[in-house]
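Okay, structure first, notes after.
The values are calculated or read from the model by the stated rules, or taken from the named source; none is laboratory data. No experiment lies behind these values; they were computed from the predicted model shown. We place every Cβ from the backbone using ideal geometry, glycine too, and count neighbours over all the protein chains shown. Accessible surface is based on the protein model in full, side chains and every heavy atom, while ligands, DNA and RNA are left aside. Shrake-Rupley method; radii C 1.70, N 1.55, O 1.52, S 1.80 Å.
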Amino acid sequence: MEDIKKLEEFQAKIDADLKIEPKDWMPEEYRTHLQRQISQHAHSEVIGMQPEGNWISRAPSLRSKVVLLAKIQDEAGHGQYLYSAAETLGKSRDEYLEELHSGKAKYSSIFNYPTLTWADIGAVGWLVDGAAIVNQVSLQRTSYGPYSRAMVRICKEESFHQRQGYEIMATCALGTPEQKKMAQDALNRFWWPSLMMFGPHDSESAHTANAMKWRIKRETNDELRDKFIQKTVQQAEVIGLTVPDPDLKWNEADGRYEYGEINWDEFWNVVKGNGPCNKQRMRHHIKAHEDGTWVREAAIAYAEKQKSKQLVA
Amino acid sequence: MDKKEALINYCLRLGDTSLILGQRMAEWCSNGPILEEDIAMTNLALDLIGQARTMLTYAGELEGNGRSEDDLAYGREEREYYNTLLSERPNGHFGETISRNFLHDAYLYHLYAALKNSKDEMIAAHAAKSLKEVTYHLRHSSEWMVRLGDGTEESHNKVQQAINDLWEYTGDLFEMNEVDNLLINEGIAVDMNTVKQAWDNTVNEVLTRAAIQRPEDAYMHSGRLNAVHSEYLGHIIAEMQFLHRAYPDATW
Ligand SMILES: [Fe+2]
Ligand SMILES: [Fe+2]
């Protein structure tokens, strides 16, 4: 009885576009949905450091090295804000990391694709950050206060990332024939995986209905994907690159692009762990975590020694 | 050797040292023991590459042949690099990186503190700006030295071993040749013996707090002044310069 009343109050708040805060009552499913979504988002920021970090040492100018380093540092910072937001839901960062390492928690499949050339760094900034922005702009209005505020901070930085990625891509696309080939190849490999970042069709998505009712999500996967495609196709045309979709065409009457169907077999395969880099990414993260164990233990031991010294004094 | 040649060489020493240590720190990306350290180490890399850019740009301007920071970073071979031997030591485990960085940060801190009064305006301005950054770097590495040195038995042993192993590369930091003599006379460079004294004080103070024994001075490697390096440098710059060498006509 009590719970039904609470649930009604909760939904009324959501419907009035009020934010839910950590201390507020919330249904258990809302909590677990957010724990899953925010931690997955945090893990994605952190795992994403690997494919981009792959090119820092080889960045072709000192300026581009600095830009890439700063970008990856931003992503690590995003991971930090998001872990903090996720921790307000009653689980620690360590618990979330355990879930990542055990395979219970996921991260965005896009980072299971390799960065093979420098143009891939452009493609990641332009397409992957570009897709992330579309999603994150929408999430600024999500119903959970800490998540919404994290998104507002993150969105400010993401638009730089997208612009810088596009700049790398444009420089390659307008450069020597080899560079142009590199740019087109990067677009060919990253186009479809970027579209997959928005998740399955709404009809196939297990979590969409609740997420919409609770206003965790404000727009569906398909709506967001469409927004991304509409703005990105033009950007490709401007620098003379071809989007690798034979069904792509401009519909004059509707004033929008029509496009082909995603290869969902590939999508599910990568989700299930069979992408080119799934195992590599996880092993890398687990190894870094395990290699750091003695460091974390030392920091704790030192802090405890200092505390007991203070007590004696 | 004239003053200009000496000054170009001096800039390359500073620039190359920052560049190579920055390249080393960037290797830590996504490998840190906690996310906060990943962020901190990326920050160090960013500062260091930024310092390198200033000095390489200046070296190119002094030279007057139109070489840019990138021409110098990507167009020179290892026998033309003047970075410290310490900066190219491999990262190893976190304690080895912290130990290397600590010895190096204390060096750059006192070097820049002195160069801030250089009669060369560019060097003085660069030193003043870099000093702010290196002050933070030294704090970061010193705090970790103490935490690891006075943490667990394992961490203590690891850091003691790292300091022991790195010690033989510290002599190279303070060596001088005719470049130094010429520029000291001009009021541009500083006497490395003075820097060494200040370095000794900082190192002794932090090692004591970290409960780490200062190794005895024994054989010291040298090479920086003649651009004679360890085998590691060739790999660092081969990786760094790969795109430039593969696509000489491209701009990025
Ligand atoms: Fe991000
Ligand atoms: Fe980003």
Anything in region A:150-175 that is within 14 Å of another protein chain (Cβ to nearest Cβ) and within 11 Å of ligand 1 (Cβ to nearest atom)? List them, or say none. A:Glu157
Regarding A:Glu204, is this residue among the acidic types (Asp, Glu), farther than 30 Å from A:Asp24 by Cα and either out of contact with any Lys or Arg (no Cβ under 6 Å at 6 or more places or on another chain) or away from ligand 1 (no atom under 16 Å from the Cβ) (or both)? yes
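Any idea which residue in region A:275-313 is farthest from the other protein chains (Cβ to nearest Cβ), counting only those that are under 19 Å from the mean Cα position of the chain (by Cα) and open to solvent by 50 Å² or more (accessible area, probe 1.4 Å)? Outline the logic, then answer.
Step one: filter region A:275-313 for residues under 19 Å from the mean Cα position of the chain (by Cα), giving A:275-282, A:284-285.
Next cut, open to solvent by 50 Å² or more (accessible area, probe 1.4 Å) only: A:276, A:279-280, A:284.
Details: A:Pro276: 17, A:Lys279: 16, A:Gln280: 12, A:His284: 7 Å.
Out of the qualifying residues, it is A:Pro276.
To keep it simple, each residue is scored yes or no on (1) basic (Lys, Arg); (2) surrounded by 14 or more Cβ atoms within 10 Å (Cβ to Cβ).
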{"site": "A:Pro177", "(1), (2)": "no, no"}
{"site": "A:Lys181", "(1), (2)": "yes, yes"}
{"site": "A:Trp191", "(1), (2)": "no, yes"}
{"site": "A:Met212", "(1), (2)": "no, yes"}
{"site": "A:Thr232", "(1), (2)": "no, yes"}
{"site": "A:Glu237", "(1), (2)": "no, no"}
{"site": "A:Pro244", "(1), (2)": "no, yes"}
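From B:Ala189, B:Ala250, grab the single residue that is without any contact (Cβ under 8 Å) to a residue 24 or more places away in the chain, in a loop (DSSP other than H, G, I, E, B) and surrounded by 15 or more Cβ atoms within 10 Å (Cβ to Cβ).
Numbers: B:Ala189 fails: without any contact (Cβ under 8 Å) to a residue 24 or more places away in the chain.
One residue alone meets the criteria, B:Ala250.
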Please state which of the following conditions A:Tyr147 fails to meet, knowing it meets all the rest: (1) within 11 Å of chain B (Cβ to nearest Cβ); (2) in contact with a His (Cβ under 9 Å, 6 or more places away or on another chain). (1)
Assess whether A:Gly199 counts as being small (Gly, Ala, Ser), away from ligand 2 (no atom under 16 Å from the Cβ), touching a Ser or Thr at 6+ places or on another chain (Cβ under 8 Å) and within 14 Å of chain B (Cβ to nearest Cβ). no
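Would you confirm, using the coordinates I've provided, whether A:Lys249 is in contact with a strand residue (DSSP E or B) (Cβ under 6 Å, 6 or more places away or on another chain), open to solvent by 90 Å² or more (accessible area, probe 1.4 Å) and either touching a residue at least 40 places away in the same chain (Cβ under 8 Å) or within 22 Å of A:Ala173 (Cβ to Cβ) (or both)? Explain how you work it out, then say what you get.
Numbers: in contact with a strand residue (DSSP E or B) (Cβ under 6 Å, 6 or more places away or on another chain): yes; open to solvent by 90 Å² or more (accessible area, probe 1.4 Å): yes; either touching a residue at least 40 places away in the same chain (Cβ under 8 Å) or within 22 Å of A:Ala173 (Cβ to Cβ) (or both): yes.
Yes: the conditions hold for A:Lys249.
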If I filter region B:227-234 for residues that are farther than 23 Å from B:Pro90 by Cα and not in a loop (DSSP other than H, G, I, E, B), do I get at least one hit? no
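Can you tell me which residue is surrounded by the fewest Cβ atoms within 10 Å (Cβ to Cβ) among those in region A:23-63 that are out of contact with any helix residue (DSSP H, G or I) (no Cβ under 7 Å at 6 or more places or on another chain) and within 20 Å of B:Ala73 (Cα to Cα)?
As a first pass, look at region A:23-63 and keep what is out of contact with any helix residue (DSSP H, G or I) (no Cβ under 7 Å at 6 or more places or on another chain): A:23-24, A:28, A:30-32, A:36-37, A:40, A:54, A:63.
Narrowing further to those that are within 20 Å of B:Ala73 (Cα to Cα): A:54, A:63.
Working: A:Asn54: 17, A:Arg63: 14.
My answer is A:Arg63.
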Please specify each residue of region A:60-88 satisfying the condition of being at the interface with another protein chain (Cβ under 9 Å from one of its Cβ atoms) and among the polar types (S, T, N, Q). A:Ser61, A:Ser64, A:Gln73, A:Gln80
Looking at region B:109-163 only, could you name the residues that are within 14 Å of chain A (Cβ to nearest Cβ), buried (at least 19 other Cβ atoms within 10 Å of the Cβ) and among the acidic types (Asp, Glu)? B:Glu133, B:Asp150
Using beta carbons and a limit of 6 Å, which pairs, at least six apart or on different chains, have the first residue in region A:139-163 and over 16 Å from A:Glu87 (Cβ atoms) and the second one among the charged types (D, E, K, R) and within 12 Å of ligand 2 (Cβ to nearest atom)? A:Glu157/A:Asp74; A:Glu158/A:Asp129; A:His161/A:Lys71; A:His161/A:Asp129; A:Gln162/A:Asp129
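Out of B:Glu216, B:Glu205, which single residue is more than 14 Å from chain A (Cβ to nearest Cβ), open to solvent by 60 Å² or more (accessible area, probe 1.4 Å) and either of a type in the set (Lys, Arg) or part of a helix (DSSP H, G or I) (or both)?
Among B:Glu216, B:Glu205, only B:Glu205 is more than 14 Å from chain A (Cβ to nearest Cβ), open to solvent by 60 Å² or more (accessible area, probe 1.4 Å) and either of a type in the set (Lys, Arg) or part of a helix (DSSP H, G or I) (or both).
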Test: residue in region A:97-108 that is within 12 Å of ligand 2 (Cβ to nearest atom) and either among the hydroxyl-bearing types (Ser, Thr, Tyr) or free of Cβ contacts under 8 Å to residues at least 40 places away in the same chain (or both): yes
